[in-house]
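Nothing in this text is a laboratory measurement; each read-out follows from the coordinates by a stated rule. Computed from a prediction, not measured in an experiment: that's the story for all the values here. Please note: Cβ atoms are built from the backbone with ideal geometry, for glycine as well, and neighbour counts cover all protein chains shown.
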């Protein structure tokens with residue numbers, strides 16, 4: 001047999017052996033792989049993805065239903081210009097109420113805080129007013145004002161040095177008169193009792209008076225509402 005043929009046969013044998021070795025290693029890896037764990041992982045991923053899509057779908061359906069309801073309402077009213085005008089006016093009024101752009105009157109309470117401690121450490125601070133506002137919100141207050149400054153979602157209540165507080169960019173001084181419209185019994189009880197915001201201020205040495213009123217007047221927010229990060 002010629003030397004060239006021997007070399008060729010030897011080369012082919014080595015290649016076959018190498019291929020066989022590679023196949024054997026692949027089979028070994030497959031056998032050692034936990035197929036169940038992979039399937040479980042994929043199943044969990046699919047479930048998570050399915051849940052996310054389900055939530056997105058439900059939110060989209062809710063938005064669609066709300067929009068469709070409005071469209072149907074307009075279609076029902078479109079033949080009567082007076083009813084359409086009333087509908088649009090009512091929606092505008094509701095939007096203005098939510099934005100604090102209209103005066104409101106209703107049942108509620110008035111809280112008057114008079115400072116009797118004049119030192120820097122004992123005076124009423126922005127955090128005290130914020131605590132009261134949050135307590136009133138949790139109790140269901142539908143509108144709140146402090147010294148006639150309407151509190152809306154974008155309102156800022158901040159200390160300026162050690163002398164006064166700013167709300168909506170306006171300087172306010174004691175006494176602080178806080179008005180809230182809502183269930184007057186709920187609103188008052190949210191500030192009283194052990195740990196109540198009004199009780200805490202009393203413990204600081206200040207005078208706090210709470211009065212229930214069936215005709216609380218809360219004036220509208222007079223500032224501009226500007227959105228920095230929302231784009232059309």
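Of all residues in the range 128-172, which are out of contact with any helix residue (DSSP H, G or I) (no Cβ under 8 Å at 6 or more places or on another chain) and within 19 Å of residue 207 (Cβ to Cβ)? Result: 129, 147, 164, 172.
Right, residue 188: closer than 20 Å to residue 103 by Cα and in contact with a strand residue (DSSP E or B) (Cβ under 6 Å, 6 or more places away or on another chain) or not? The answer is no for residue 188. Quick check: is even one residue across the range 185-208 touching a residue at least 24 places away in the same chain (Cβ under 8 Å), closer than 15 Å to residue 113 by Cβ and assigned to a strand (DSSP E or B)? Yes, the conditions are met somewhere in the range 185-208.
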